[in-house]
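Presented below is the structure to which this report refers.
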Amino acid sequence: MPLFSKLTRIFPALAIVAMLSGCASAPEDTGILAHEIAGSGPDKVIVLHDWLGDRRNYDDARPYLDMQSFTYAFADLRGYGGSIRMNGAFTSAEAAADTLKLADALGWKRFHIIGHSMTGMVVQRVAAIAPERVLSVIATTPVAANGMHTDKDTRGFLEAAAKDPKVTPAAIHALTGKRLSDTWAAFKTARAMASSTEAARLGYLDMFDLEDFHGDVDGLAVPVTVILGENDLPFFQPDYIKGTFGKWYKNLKIVTSANAGHYVMQETPAFYATAVDAHLKANMVK
């Protein structure tokens, strides 16, 4: 029996979500990213997900977010979740344009934006393209605007993780300090494979590995908070962030969760929501 079939037997809800996500809001008919609105506050927040997941990665943290002060739009990129049928080039410029198109469709002239891992790169592109619209940025365990530019072996491993569910758990374990269970990694793998297309995973891999637009963000005044996990890889640790984000952004804050790796919103959801809340309230529209 193929591994994915085994995983969906272990986690049957994933199979149901995979079936439903493609027809949830038919975004391919509108050209608008599939999204879910939560909250009723005056300040608007667009939330983007990582490479191995979709908007549900924030579910554990959502009960602790301030829904009275903020309105959140949790969105799925092309090839993921409710947008799984949307094809594309899978570049940061395209993802940023899609994000701005979503904001336009929602009638949000100005907004805060949150990204995770690969979309930690995308939110920087959005800020560079439309600095007058972006109130503030939260980049969670982000890829910097200069890309990763991995060596041959690492690139081969990431490509295998994008294609082969037998390899994906190793990537997830590496990103979480090899501290969490195989059941956790199996759940993450099943969700990743069910909620995204291989074309999207490989396309966005090119984006976060090969792109470099750091010259476009150098000197931006937008407030940026980078949220990290202590048990993540060196690429996502404070020293690296200080050497990249710290050079480009005039208004940077770094927050680290002491008991998390790459998936801070899932590993320490209350801590994550508290950090998000503190940043947003410090940068609310006056």
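Computed from the coordinates by the stated procedures, all read-outs in this text should not be read as laboratory data. Note that this is a predicted model, so its numbers are computed, not measured. Note that each Cβ is placed from the backbone with ideal geometry, even for glycine, and that neighbours are counted across all protein chains shown.
Computed from the C-alpha gyration tensor, the three semi-axes of the ellipsoid equivalent to region 3-282 are 25, 22, 19 Å, from longest to shortest. So if R0 is 22 Å, what FRET efficiency would Asp153 and Leu210 give, r being the distance between their Cβ atoms, rounded to the nearest 0.05? So the FRET efficiency works out to roughly 0.85.
Bridge orientation summary for region 3-282: considering DSSP beta bridges with both residues in this region, about 20 percent are antiparallel. Computed over neighbours whose Cβ is under 15 Å from that of Asn251, the net charge equals +3, Lys and Arg +1, Asp and Glu -1. State the Kirkwood hydrodynamic radius of region 138-286 in Å, one decimal place, computed from all pairs of distinct Cα atoms. One over the average 1/r among Cα pairs gives 16.5 Å for region 138-286. Selection among Ala278, Ala128, Pro238 by position relative to the dipole of the chain gives Ala278 as farthest towards the positive end (Cβ unit charges, Cα centre).
Within the listed set Ile37, Ile46, Ile227, the Gaussian network model of the chain (springs between alpha-carbon atoms below 10 Å) gives the highest mean-square fluctuation for Ile37. Summing charges over all other residues whose Cβ lies under 12 Å from the Cβ of Leu77, with Lys and Arg as +1 and Asp and Glu as -1, gives -2. Only lysines eight or more places from Lys250 in sequence, or on another chain, were considered; those with a Cα closer than 24 Å are Lys44, Lys109, Lys242, Lys281, Lys286.
Counting Lys and Arg as +1 and Asp and Glu as -1, each charge on the Cβ, what is the dipole of region 63-212 about the Cα centre in debye, to the nearest 20?
The calculated dipole for region 63-212 is roughly 320 debye.
So if I take the centroid of the Cα atoms in region 26-79 and the same for region 167-186, what is the distance between those two points in Å? Result: 25 Å between the Cα centres. By definition, a body whose alpha carbon gyration tensor gives a ≥ b ≥ c is prolate when a/c is 1.5 or more and a/b is larger than b/c, and region 65-222 fits this prolate description.
Any idea what the dipole of the chain comes to, in debye rounded to 20, about its Cα centre with Lys/Arg Cβ at +1 and Asp/Glu Cβ at -1? The calculation lands at about 380 debye.
As a proxy for reagent exposure, Lys286, Lys109 were ordered by neighbouring Cβ count within 10 angstrom, fewest first; the result is Lys286, Lys109.
Legend: ranking of residues Thr225, Thr244, Thr189, Thr150 from fewest to most surrounding C-beta atoms inside 10 Å; resulting order Thr150, Thr244, Thr225, Thr189.
FRET efficiency for the pair Lys178 and Asp218, taken as 1/(1 + (r/R0)^6) with r the Cβ-Cβ distance and R0 = 30 Å, rounds to 0.25.
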